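Note sheet for the following structure.
The values are calculated or read from the model by the stated rules, or taken from the named source; none is laboratory data. Everything quoted here is computed from the prediction, not taken from an experiment. Cβ: placed from backbone, ideal geometry, glycine included. Neighbour counts: every protein chain shown. Side chains are part of the model used for accessible areas, which takes the heavy atoms of the whole protein and leaves out ligands, DNA and RNA. Shrake-Rupley method; radii C 1.70, N 1.55, O 1.52, S 1.80 Å.
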Amino acid sequence: MCRCETAMLNTETPSLAHTALDQYPTTELVNALVDDQFHAVDAVRKAGPRIAAAVSAAVPRMEAGGRLVYVGAGTSGRLGVLDSVELYPTFSWPAERALALLAGGHGAMFAAVEGAEDDLEQGAADIAGVNVGPNDVVLALAASGATPYVLGALRAARAAGALTVGFANNPDAPVATQAEIGITLDTGAEVISGSTRLKAGTSQKIALNTFSSALMVRLNKVYGNLMVDLKATNAKLVRRAIRLTSFATGADEAAAQAVLEQCGFHVKTAIVALSKQTSVEQAQALLEAAHGSVRQALA
């Protein structure tokens, strides 16, 4: 029996530091809420080696064509949705390779679906519904670490051979202990008792952001620290593509834009073409041979 089943969860324990929270002057109230968030960063930093292990285990599966599948309920589930949808504009990661399963379905993104998180069988059914397999990486998210919907999905994903990574905010939680790689973000009691949308949620956001960003770096989506595989889907991102290309190559913005227009505003291609003074077609061939690595294509 896990610790989370035999004692009050850390995330549910009332904070002894702020028992008169409702009587604080507004500035002190705001400061208490802000200051408590620093614990989220500390919790993620302590979990750094486990996050790194998850990144290393995920890389070969992504290189083999696998998908990221986020699973959660409530705040945790919504954070999974947020991370998944941002991968396409930021890194050109195909939307069909970043799925988010949310207890209660898509509608639960905007309104609570009562009881959905308690459905163990639905979690398993949702994993089966997207045909999770051995090349996929399933990210199971639950502040308590014991949400039935998430556990059902986690167990089904393991049975299907997927890599499972469990994120929980309580020590010895099933979501972490039953995943192949468990990541515990021990944020402790919340300023507002049990409100895991506070620092527990913040820690999950940081951990997911760190995991997916590090994974994309390892998949050659970044050159130096430049976001060179973005998808220029709006005017702001078009301007960013021009600036990044100019910065990376030393070309003026007019020259950068001219080459970008030839390659559909693909920053990687433009950088290689300008740096090696070659055609867009040859730059694309060099990148393909280098598995998308700008650094290797320029070597």
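What Rg and what Dmax come out for segment 151-299 when only alpha-carbon atoms are used, in angstroms?
21.0, 61
As I understand it, the dipole of the chain uses +1 on the Cβ of Lys and Arg and -1 on the Cβ of Asp and Glu, about the Cα centre. Which of Thr26, Ile271, Ala53 lies farthest toward its positive end?
Sorting the options by dipole projection puts first Ile271.
Just going by the charge dipole of the chain, with Lys and Arg at +1 and Asp and Glu at -1 on Cβ, which of Ala168, Leu226, Leu139 is farthest out on the positive end?
So the residue we want is Leu226.
Using a Cα-Cα cut-off of under 24 Å, which lysines could be cross-linked to Lys199, ignoring same-chain neighbours fewer than 8 residues away?
Lys46
Output the peptides 81-89, 167-175, 22-30, 235-243 sorted from most to least packed, where packing is the average of other Cβ atoms within 10 Å over each peptide's residues. Each step should come with its number before you reach the end.
Working: 81-89: 18.2, 167-175: 27.2, 22-30: 10.1, 235-243: 15.4.
In decreasing order of mean packing, 81-89, 167-175, 22-30, 235-243 become 167-175, 81-89, 235-243, 22-30.
Leaving ligands and nucleic acids out of the surface, order His18, His39 by accessible area at 1.4 Å, largest first. If you can, show how the numbers build up before the last one.
Numbers: His18 45, His39 100 Å².
Order by accessible area, largest first: His39, His18.
Place +1 on the Cβ of every Lys and Arg and -1 on the Cβ of every Asp and Glu in the chain, take the dipole about the Cα centre, and give the residue among Thr11, Gly188, His291 whose Cα lies farthest towards its positive end.
Of Thr11, Gly188, His291, it is His291.
Give me the 1.4 Å probe accessible area per residue for segment 150-259, excluding ligands and nucleic acids, in Å².
Numbers: 4180 Å² over 110 residues.
Using a 1.4 Å probe on heavy atoms only, each residue of segment 150-259 averages 38 Å².
222 nm [θ] for the chain, helices only, -39500 (n - 2.57) per DSSP H run of 4+, per residue, to 500?
Numbers: 14 runs with 154 residues, N = 299.
Roughly -15500 deg cm²/dmol at 222 nm, from the helical runs in the chain.
With angles folded into 0 to 90 degrees, how steeply does helix 74-91 sit against the dominant principal axis of the chain? Use alpha carbons for both and round to 10.
Helix 74-91 and the main axis of the chain meet at about 10 degrees.
Mind running the shape call on segment 32-74? Use the C-alpha gyration tensor, a ≥ b ≥ c as the square roots of the eigenvalues: rounded below 1.5 for a/c, prolate if a/b tops b/c, oblate otherwise. Don't skip to the end; give the middle numbers.
Numbers: a/c = 4.68, a/b = 1.96, b/c = 2.40.
Since a/c reaches 1.5 but b/c is at least a/b, the shape of segment 32-74 is classed as oblate.
How charged is the neighbourhood of Arg155? Take every other residue with its Cβ under 13 Å from the Cβ of Arg155, and add Lys/Arg as +1 and Asp/Glu as -1. The partial results should precede the final answer.
Details: positive: Arg158; negative: Glu121, Asp126, Glu180.
That sum, taken over residues with Cβ under 13 Å, equals -2.
On a 0 to 90 degree scale, rounded to 10, what angle separates helix 199-218 from the longest Cα axis of the chain?
30 degrees
Calculated from the structure, Rg and Dmax of the Cα atoms in Å equals which of (i) 21.6, 68; (ii) 20.3, 84; (iii) 20.6, 69?
(i)
DSSP beta bridges in segment 96-248, what fraction antiparallel, as a percent rounded to 5?
On the way: 1 of 11 bridges.
About 10 percent, rounded to the nearest 5.
What does the charge add up to near Ser246, with Lys and Arg as +1, Asp and Glu as -1, over the other residues with Cβ less than 13 Å from its Cβ?
Details: positive: Arg239, Arg240, Arg243; negative: Asp252, Glu253.
After counting each charged neighbour, the total is +1.
What residues qualify as long-range amide H neighbours of Ser92, i.e. H under 5 Å apart, gap of 5 or more or another chain, H built at 1.01 Å from N?
Lys231
Cut-off under 14 Å on the C-alpha distance; same-chain residues fewer than 8 positions from Lys268 excluded. Which aspartates and glutamates are left, in chain and number order?
Qualifying aspartates and glutamates at Cα under 14 Å: Asp229, Glu281, Glu288.
How many Å² of accessible area per residue for segment 1-75, probe 1.4 Å? Walk me through the intermediate numbers first.
Details: 4380 Å² over 75 residues.
In whole numbers, segment 1-75 has 58 Å² accessible per residue.
For the chain, which whole percent of the accessible surface, found with a 1.4 angstrom probe, sits on carbon and sulfur atoms? Provide the component values of the computation, followed by the final result.
Details: 7350 of 13940 Å².
C and S fraction of accessible area: 53 percent.
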